[in-house]
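To keep things clear, I will list the structure first and then write my remarks on it.
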Amino acid sequence: MKIPKKYRFFGGRIVKTGIAVFFTSLICHLLNWPAMFAVITAIVTIEPTAADSIKKAFVRFPASAIGAGFSVLATFVFGDSPISYTFVALATIIACNKLKLHDGILVATLTGIAMISTVHDDYLSSFFIRLGTTSTGLIVSSLVNLFVMPPKYSETITRAIHTLFMKAGDILSIIGNELCDIQASEKEIRKTFYNLVKEIENTERLCSYQKDEWRFHRVKREDVNNFHYEYKKLSILRQITYHIGNLIYLPTNHFTLGQTKNTLILETIHSLRAIYYNANFTIRKEHQSLIKEITEWFADQKSFIEANRINQEQSHHFSPEMVILYELLSIHELTEELSQIHNLQEQREKRGARLRVSARMRSNNKQA
């Protein structure tokens, strides 16, 4: 039974952190080692993917060794004093920066400082116990991240992409209202646009996490194919936002289009928005008719500007009106590509479903 999100008090990463802390401290207890350093290492080693945990473990181990070394040295020279804490913190940070062990600076500095109060007379033994606890935390956390509740980002990515397309359509609709002098809200548009770009970057990060995670787990070919289709959609969305950004920064107070042209632009933009709200990204004939009118208008503008440039020696190649048409046509072409990709994805899914049914029927026939 799947628990609804609003009734969940913790996620998979919190559960994995708890498991890692428990087993790390248990191992340290059995070996009679101080668990504090190992637990700190275990907590910071839980990453979004197993690949990140393993990769950063190779950075955090030498960084922790540096912190432990400075801690032993400072305690030997200065004892448990304010100078020791200051020296260990600064020396560890500087050394890790110089050696480019950036991912290990935090854990090395924290545990190096915490180690000062536990070092007594046996400095060499304290140093190697420190390395042992660090290794325990790194290994346990990496194994937990690898085998316990491996993250699956594909469904989240698919939902996020469709939501982002709807947001892009909303922003495009607001821009259309501003271009046609229906509503002016430049500050609001830019803020919403920046949020959209940020969310696209976050989704791209999830895609990177998913690809990293597949390096350590078996995955169905069908899942990989669907992921690639979704990633293509995300790439198209990134290009669409580029053209939307061009429309946002177009000065709207230097030209007027007239009622007929305003209506055509608004209808085209609303049609694009309707496509992005459609789960199948279906392009209707009415939309193609609008694009045909936009294309003819663009061609007329191009001929007009070329004629004026020859006759009056004008240096401008594009008028604001022509820029609007160019951006809308560019967005339309990307939308057509989006629709084609989604259709190919659906065809592949249907073909895969038929093959699975056929295989199941053959298996049943053999058993009979």
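Identify, from the list Ala74, Ala68, the residue that is in contact with a Phe, Trp or Tyr (Cβ under 7 Å, 6 or more places away or on another chain), closer than 14 Å to Phe128 by Cα, touching a residue at least 40 places away in the same chain (Cβ under 8 Å) and among the small types (Gly, Ala, Ser). Show your work before the answer.
Values: Ala74 fails: closer than 14 Å to Phe128 by Cα.
Step by step, each of Ala74, Ala68 is checked, and only Ala68 is in contact with a Phe, Trp or Tyr (Cβ under 7 Å, 6 or more places away or on another chain), closer than 14 Å to Phe128 by Cα, touching a residue at least 40 places away in the same chain (Cβ under 8 Å) and among the small types (Gly, Ala, Ser).
Contact list please: Cβ distance under 8 Å, first residue in the range 110-126 and of a type outside the set (Val, Ile, Thr), second residue modelled with pLDDT under 75, pairs at least six apart or on different chains.
Note: pairs meeting the criteria are Ser126/His120.
Restricting attention to the range 152-172, does a residue exist that is farther than 19 Å from Ser25 by Cα, open to solvent by less than 10 Å² (accessible area, probe 1.4 Å) and not hydrophobic (A, V, I, L, M, F, W, C)? Write out each step before concluding.
Within the range 152-172, the first condition is being farther than 19 Å from Ser25 by Cα, and the residues that meet it are 152-172.
Right, trim to open to solvent by less than 10 Å² (accessible area, probe 1.4 Å) and you get 157, 161, 164-165, 168-169, 171-172.
With the extra rule that they be not hydrophobic (A, V, I, L, M, F, W, C), the set shrinks to 169.
Yes; the residues of the range 152-172 include at least one that is farther than 19 Å from Ser25 by Cα, open to solvent by less than 10 Å² (accessible area, probe 1.4 Å) and not hydrophobic (A, V, I, L, M, F, W, C).
Consider Val77 carefully, then state whether it is at pLDDT below 90, more than 30 Å from Tyr153 (Cβ to Cβ) and out of contact with any Leu (no Cβ under 9 Å at 6 or more places or on another chain).
On the way: at pLDDT below 90: yes; more than 30 Å from Tyr153 (Cβ to Cβ): yes; out of contact with any Leu (no Cβ under 9 Å at 6 or more places or on another chain): yes.
It is true that Val77 is at pLDDT below 90, more than 30 Å from Tyr153 (Cβ to Cβ) and out of contact with any Leu (no Cβ under 9 Å at 6 or more places or on another chain).
Could you please let me know if Thr118 is more than 28 Å from the chain's Cα centre (by Cα) and assigned to a helix (DSSP H, G or I)?
Values: more than 28 Å from the chain's Cα centre (by Cα): yes; assigned to a helix (DSSP H, G or I): no.
When the stated conditions are applied, Thr118 does not pass them.
Scan the range 96-109 for residues that are open to solvent by less than 20 Å² (accessible area, probe 1.4 Å) and free of Cβ contacts under 8 Å to residues at least 40 places away in the same chain and jot them down.
Of everything in the range 96-109, just one residue is open to solvent by less than 20 Å² (accessible area, probe 1.4 Å) and free of Cβ contacts under 8 Å to residues at least 40 places away in the same chain, namely Cys96.
Any chance the range 129-145 includes a residue that's charged (D, E, K, R), without any contact (Cβ under 8 Å) to a residue 24 or more places away in the chain and either more than 19 Å from Ala42 (Cβ to Cβ) or buried (at least 16 other Cβ atoms within 10 Å of the Cβ) (or both)?
Here is the first cut: in the range 129-145, the residues charged (D, E, K, R) are 130.
If we keep only those that are without any contact (Cβ under 8 Å) to a residue 24 or more places away in the chain as well, we get none.
The answer is no, given that none of the residues of the range 129-145 is charged (D, E, K, R), without any contact (Cβ under 8 Å) to a residue 24 or more places away in the chain and either more than 19 Å from Ala42 (Cβ to Cβ) or buried (at least 16 other Cβ atoms within 10 Å of the Cβ) (or both).
Tell me, please, whether a residue that is assigned to a helix (DSSP H, G or I), surrounded by 16 or more Cβ atoms within 10 Å (Cβ to Cβ) and without any contact (Cβ under 8 Å) to a residue 24 or more places away in the chain can be found in the range 214-226. Break it down into steps so the answer makes sense when it comes.
Taking the range 214-226 as the starting set, the residues that turn out to be assigned to a helix (DSSP H, G or I) are 221-226.
Applying the additional criterion that residues be surrounded by 16 or more Cβ atoms within 10 Å (Cβ to Cβ) yields 226.
Narrowing the set further to residues that are without any contact (Cβ under 8 Å) to a residue 24 or more places away in the chain leaves none.
No, because not a single residue in the range 214-226 is assigned to a helix (DSSP H, G or I), surrounded by 16 or more Cβ atoms within 10 Å (Cβ to Cβ) and without any contact (Cβ under 8 Å) to a residue 24 or more places away in the chain.
The values are calculated or read from the model by the stated rules, or taken from the named source; none is laboratory data. In this text, all values refer to a predicted model and were calculated from it rather than measured experimentally. Positions of Cβ are generated from backbone atoms using ideal geometry, with glycine treated the same way; all protein chains shown enter the neighbour counts. Surface accessibility is based on the protein's heavy atoms, side chains included, excluding ligands, DNA and RNA. Shrake-Rupley method; radii C 1.70, N 1.55, O 1.52, S 1.80 Å.
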